[in-house]
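A.B. asks: Let me give you the structure first, and then I'll get to my questions.
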Amino acid sequence: MNDTTVSTQDDVTFAVRGRLGHITLNRPKALNALTHDMVVRIDAQLRRWAGDPKVETVVITGAGERAFCAGGDVVTLQKAGSASPLTRDFFWDEYRMNRRMFRYAKPYVALAHGVTMGGGVGVSAPARLRVVMEKTLLAMPETAIGLFPDVGGSYHLSRMPGQIGVYLGLTGARVKAADLLYSGYATHFIPSSLLPAVLVALEREPAADVMRRFCAAPAEEPALKPLRSAIDRCFAGDKVEEILAALEREGGTWAEQTHAALAKMSPLSLRVTLRQIREGARLEFEDCMRMEFRLVRRFMKDHDFFEGIRALLVDKDNAPQWRPATLAEVTSDKVDAYFAPLTDEPELNFED
């Protein structure tokens, strides 16, 4: 079959080649960060390809050498302000897209070749085949910007072995390919030099066969593996204070650095994140997404997200003034209110 370009909009492109539907995130100067328009168009294309018998596999990649997708376009959300409909519509459409990817009837393959953060995790973690490479660098850094690891983080992080998901979700620690295989985020490692050949093979062969043929082992050992027992000890608590106390007891460079990192995060974000991961372990994917939509709506009406983006990405003074400023000031009632059902607007649904 000849190459068929379905769309050539600048920020995301869609093409059909042979049996393959190919999504390319195409904002390399912005590290392929997702805009609302990109989300809407990706979701619509996934619906179309689901009913197209010519398309047997769907793959998503990022343009450029640096990033697969560094997240959502949070600066635009911050500038729009809490009263803007965008702060609702973006997450409503993004979470529905994430769920479509998770339940997609055809093989959905993510080739996460570079920086993969936030929304980039959201479009790769739901994939049936999640491929990492030597330059893959993944993180969920939302607690540093006054948010929480959304886009399915409550589901994916809670299913990592031991307390690894809690550690990654609270600290925003950056991890590479070997750790992504070790944690269960990734299903395969493929050297980036083979990426063009992999894409050609996916045009002609079943995705599982292509992965078996091209997959390899990363050169590095997982950095998390020697830390696993300490992570499991220190992050087993159901209260953030218990985790901080465990890190103090643990001692040593890793524990001290981790304790210091947590001290910089939004106290509200830390409390919400720990609870969402604990609750996510008992929920199906759709229920995780409904819970996360409740949470994000509350964050969009509060202070810390807008302050975190200002401090880290707009003014870049790296001095966010969190409200509440301490863990002690984040009451149980406030956290409970974040998780409560929505009463003044619709709950997230997945009706097409």
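Any read-out appearing in this document is the output of simple, stated calculations on the displayed coordinates, not a laboratory observation. All values derive from a computational prediction rather than experimental measurement. Because the Cβ atoms are built from the backbone with ideal geometry, glycine has one as well, and the counts that use them run over all protein chains shown.
A.B. asks: What single numbered condition from (1) more than 17 Å from Phe189 (Cβ to Cβ); (2) touching a Pro at 6+ places or on another chain (Cβ under 7 Å) fails to hold for Leu129?
C.D. replies: Going through the list (1) more than 17 Å from Phe189 (Cβ to Cβ); (2) touching a Pro at 6+ places or on another chain (Cβ under 7 Å), Leu129 breaks only (1).
A.B. asks: Inspect all residues belonging to the stretch 213-231 and state whether any of them is surrounded by fewer than 16 Cβ atoms within 10 Å (Cβ to Cβ), under 20 Å from Ala127 (Cα atoms) and touching a helix residue (DSSP H, G or I) at 6+ places or on another chain (Cβ under 8 Å).
C.D. replies: Checked the stretch 213-231: at least one residue is surrounded by fewer than 16 Cβ atoms within 10 Å (Cβ to Cβ), under 20 Å from Ala127 (Cα atoms) and touching a helix residue (DSSP H, G or I) at 6+ places or on another chain (Cβ under 8 Å).
Conditions (1) assigned to a loop (DSSP other than H, G, I, E, B); (2) surrounded by 20 or more Cβ atoms within 10 Å (Cβ to Cβ), marked per residue:
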| residue | (1), (2) |
| --- | --- |
| Asp37 | no, no |
| Ala44 | no, no |
| Arg48 | no, no |
| Val59 | no, yes |
| Asp93 | no, no |
| Ala125 | yes, yes |
| Arg130 | no, yes |
| Glu134 | yes, no |
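A.B. asks: Take the stretch 228-243 and flag every residue that is free of Cβ contacts under 8 Å to residues at least 40 places away in the same chain, part of a helix (DSSP H, G or I) and closer than 23 Å to Ser266 by Cβ.
C.D. replies: Hit for the stretch 228-243 is Glu242, nothing else.
A.B. asks: Something else now. I'm trying to understand the selection: among the residues of the stretch 293-351, which are assigned to a helix (DSSP H, G or I), of a type outside the set (Gly, Ala, Ser) and loosely packed, with under 12 Cβ neighbours inside 10 Å? Please lay out each step first, then the result.
C.D. replies: Taking the stretch 293-351 first, the residues assigned to a helix (DSSP H, G or I) are 293-300, 304-314, 327-329, 332-339.
Applying the additional criterion that residues be of a type outside the set (Gly, Ala, Ser) yields 293-300, 304-307, 309-310, 312-314, 327, 329, 333-336, 338-339.
Of everything in the stretch 293-351, those that are assigned to a helix (DSSP H, G or I), of a type outside the set (Gly, Ala, Ser) and loosely packed, with under 12 Cβ neighbours inside 10 Å turn out to be Asp333, Asp336.
A.B. asks: Also, quick follow-up: Looking at Asp10, Asp37, which one is acidic (Asp, Glu) and without any contact (Cβ under 8 Å) to a residue 24 or more places away in the chain?
C.D. replies: Unique residue meeting the criteria: Asp10.
A.B. asks: Quick one: is Val109 in a strand (DSSP E or B), surrounded by 17 or more Cβ atoms within 10 Å (Cβ to Cβ) and not acidic (Asp, Glu)?
C.D. replies: yes
A.B. asks: Does Pro161 count as within 22 Å of the chain's Cα centre (by Cα), surrounded by fewer than 16 Cβ atoms within 10 Å (Cβ to Cβ) and not small (Gly, Ala, Ser)? Steps first, please.
C.D. replies: On the way: within 22 Å of the chain's Cα centre (by Cα): yes; surrounded by fewer than 16 Cβ atoms within 10 Å (Cβ to Cβ): yes; not small (Gly, Ala, Ser): yes.
Considered against the rule, which asks whether it is within 22 Å of the chain's Cα centre (by Cα), surrounded by fewer than 16 Cβ atoms within 10 Å (Cβ to Cβ) and not small (Gly, Ala, Ser), Pro161 comes out as yes.
A.B. asks: Can I ask one more? Tell me yes or no: at least one residue of the stretch 281-290 is in a loop (DSSP other than H, G, I, E, B), out of contact with any helix residue (DSSP H, G or I) (no Cβ under 9 Å at 6 or more places or on another chain) and charged (D, E, K, R).
C.D. replies: Within the stretch 281-290, the first condition is being in a loop (DSSP other than H, G, I, E, B), and the residues that meet it are 281-284.
So of that shortlist, the ones also out of contact with any helix residue (DSSP H, G or I) (no Cβ under 9 Å at 6 or more places or on another chain) come out as none.
No, that holds for no residue.
A.B. asks: Within the stretch 92-107, restricting attention to residues that are among the charged types (D, E, K, R) and under 14 Å from Asp352 (Cα atoms), which residue is farthest from the chain's Cα centre (by Cα)?
C.D. replies: Once the filter is applied, the top-ranked residue is Arg103.
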